[in-house]
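First up is the structure itself, then whatever we jot down about it.
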Amino acid sequence: MALMRFEAGQTARTFADRAEAGRELGRELARRSWPAPVIVLGLPRGGVAVARPVATALNAPLDVLGVRKVGLPWEPEFAIGAIASGGIVVRDSPTAHRWNGRGTRKHDAFMRLAAQERIELERREALYRAGRPPLNLEGKIALLVDDGLATGSTMIAAIRAAQQAGARAVIAAAPVASAEAMARVSAEADDTVVLAVPPTLRSIGEWYDLFEQLSDEEVTRLLNE
């Protein structure tokens, strides 16, 4: 269920940065109730910066769930699928099905892209989990947080990974989402909390005054706070 931050015809204000978006999202989530224990899982990299104040608002532990977008070769930021820990692969964007993969079989072409992204996913997992125990979701409420949902593919991969890891229930949360992503994610998660679903979403970054790329060092710092 989404909480609309504007009415039709109005221009919604943007978030100052991910921290402010996380505080607003945390306040909305704190009004809701789920059975304990709840664990907040940021989706790297940007989602971790939103998840940190969410975890504070809920007085819940913060961890990270490894996910990685699979983008078009000529437009990497446009997701045609995603991968997540546990061997999860999501390939259901209409663009992925239309893409010819330079004349090769579409499935094989997509899986080659996914394999390339898997290398980076494993690198990040090793870095972020250094000194941290393996992620244990058995019997827990997994609250997945990202900085925005454009196509929904990355969040869907995270939802399936959390379900596979034994989560009791999976909640998806983000400050902003497209209507398409909201519908897709809501069909997979036990609950979905989004602050804004604008009629048109060109990019997640347009909803933030400051939307810089987070470094691995910053993600590690947020996780260790």
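Among the candidates Val64, Val89, Val54, single out the residue that is in contact with a Phe, Trp or Tyr (Cβ under 6 Å, 6 or more places away or on another chain), within 30 Å of Pro35 (Cα to Cα), modelled with pLDDT of 90 or more and surrounded by 14 or more Cβ atoms within 10 Å (Cβ to Cβ).
Val64
How many residues are in contact with a Ser or Thr (Cβ under 8 Å, 6 or more places away or on another chain) and either within 17 Å of Ala161 (Cβ to Cβ) or assigned to a loop (DSSP other than H, G, I, E, B) (or both) if we restrict to the stretch 114-129?
3
Any chance the stretch 133-154 includes a residue that's assigned to a helix (DSSP H, G or I), under 23 Å from Ser33 (Cα atoms), in contact with a strand residue (DSSP E or B) (Cβ under 9 Å, 6 or more places away or on another chain) and modelled with pLDDT of 95 or more?
no
In the stretch 166-185, which residues are crowded, with 21+ Cβ neighbours inside 10 Å and either small (Gly, Ala, Ser) or touching a His at 6+ places or on another chain (Cβ under 7 Å) (or both)?
Ala167, Ala172, Ala173, Ala174, Ala177, Ser178, Ala181
Would you pick out the residues in the stretch 15-36 that are small (Gly, Ala, Ser), out of contact with any strand residue (DSSP E or B) (no Cβ under 7 Å at 6 or more places or on another chain) and at pLDDT 95 or above?
Result: Ala16, Ala19, Gly22, Gly26, Ala30.
The values are calculated or read from the model by the stated rules, or taken from the named source; none is laboratory data. Fair warning: this is a prediction, and the values are worked out from it, not measured in the lab. So basically every Cβ, Gly included, is an ideal-geometry build from the backbone, and we count neighbours across all protein chains shown.
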